[in-house]
Amino acid sequence: MDRCVVLVDAGYLLGAAASLLAGEPSRSRITVDHTALIQGLRERAESDTERQLLRIYWFDGAPDRVPQPEHRRLRVMPRVTVRLGALTRSDGRWAQKGVDAAMHAELTELARNRACSDIVLVTGDGDLLPGMMAAKEHGVAVHLWAVQAADGDYNQSEDLVAEADERRVLDRAWITQAVRAKELSGVCAPPPVPRPEIAAILSAPLPESALTASGEPATEDAPHPAAANTAPRPAEDRVPAPKGVPTPKDLAALRAPGPQSAQQPPTATLRWSSDKGWVDRPGSPEPPEAASMPTLAQLTTAEQRWADREEDITTVGGDPYEVGQVFARRWISRLGDQIHLQRLSTLYPRIPHRIDGELLRYAARFGLLAHKDDQIDEHDRYAIRAGFWREIDVPTAAEHASAGE
């Protein structure tokens, strides 16, 4: 059939692009406009092969083969099919498993079934040499594309280059149409976009009463651990802050009968961090109006659930702050009785347990649990909840303004 197919090894393409533009092969050092990249691959393939595109296959690795946000966006694009291998960590480095085998199988299957006349390979791995030779024996023309090497040398297997029918180099000018290097400020990984609300939460001073309750001496020279550095840090560099605020479990232990019961403070309280500082909340269970608030799942119809999934795939980028906003926006829009919104605003900064759990489970869909032992990073949790409250504040502030008039 007179059509062309493109097989892309995303690890090679984006890793080589990062080396070219940022000086190292870490994909965290670049930002990618996947829509522009796919369009560029399609136009270049049709121009080079003089054939109409049948399909672009995007091969990549993912933890436990669970699609990440970029994979969700890619697989709903026209003429794009995503194939995922595993992403595993060995000796401190991440490595793809099963990607080469999947590319080899697809390459030979397409050629054997005569699904196309030309195949474009964007890879540098010599393991695909047998597949390339088999495709040629079935009468398919194989085009091998390379990403311009940062040092001007080859970044592909020499045998693979020698066996290809046609060869092209995707140079810096072509790559930068869809890929950009992130600007760094003396750190090994780009910091997240600063959020004033989160910075205020992290820099809130710890009250002496909370330090005393945790059994730590309160001194003037000991700054609050979060206040020591308000700038966001990469997840791998963060360490848990020293325990200074009594948790519900701590208070339960203080109330439990036994030797510790005598240590219970006369007015034990929980302190909830917020962008307004530390807020005292009673240590008692949630009030009935909080427990009775409907969850988003209870407010969502089957049709809305389908539309939500489409929106998540196509437009929601996965930024923690944005995820909190999207969740809150849907919850507000589907509330039949706005009294729940008014009650929720009085609980600030505490989100009812059922809604908070649903919010974090929703955030987990966007890969925020990746490489973190099934735990959302503390800074991401702050960002998710800050985005939720910011969206809740919009209709609440408008209502207060109209009431004042």
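Read-outs throughout are calculated quantities, based only on the coordinates presented, and are distinct from any laboratory measurement. Predicted model only: the values in this text are computed from it and were never measured. Note that we place each Cβ from the backbone using ideal geometry, even for glycine, and neighbour counts take in every protein chain shown.
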Completion exercise
Phi angles of the stretch 81-86, converted by Karplus (6.51 cos²θ - 1.76 cosθ + 1.60, θ = phi - 60°) into ³J(HN,Hα) in whole Hz with x for Gly and Pro, give 10, 9, 10, 10, x, 8
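Could you give the length gained by full extension between Asp127 and Asp171, i.e. 0.36 nm per residue of separation minus their alpha carbon distance, to one decimal place?
Length gained between Asp127 and Asp171: 13.4 nm.
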Completion exercise
Amide H proximity to Val147 below 5 Å, modelled H, separation 5+ or other chain, gives Leu170
Fill in the blank from the handout: So, over other residues within a Cβ distance under 10 Å of Arg51, counting Lys, Arg +1 and Asp, Glu -1, the net charge is -4
Completion exercise
Toy charge model, Lys and Arg Cβ at +1, Asp and Glu Cβ at -1: the stretch 284-328 dipole around Cα centroid in debye, rounded to 20, equals 120
Handout entry: Net lengthening on full extension, Ala181/Arg361 (0.36 nm per residue, minus Cα-Cα)
Key = 61.6 nm
Handout entry: Separation of the Arg334 and Leu347 label points, Cα + 7 Å toward Cβ, nm
Key = 1.7
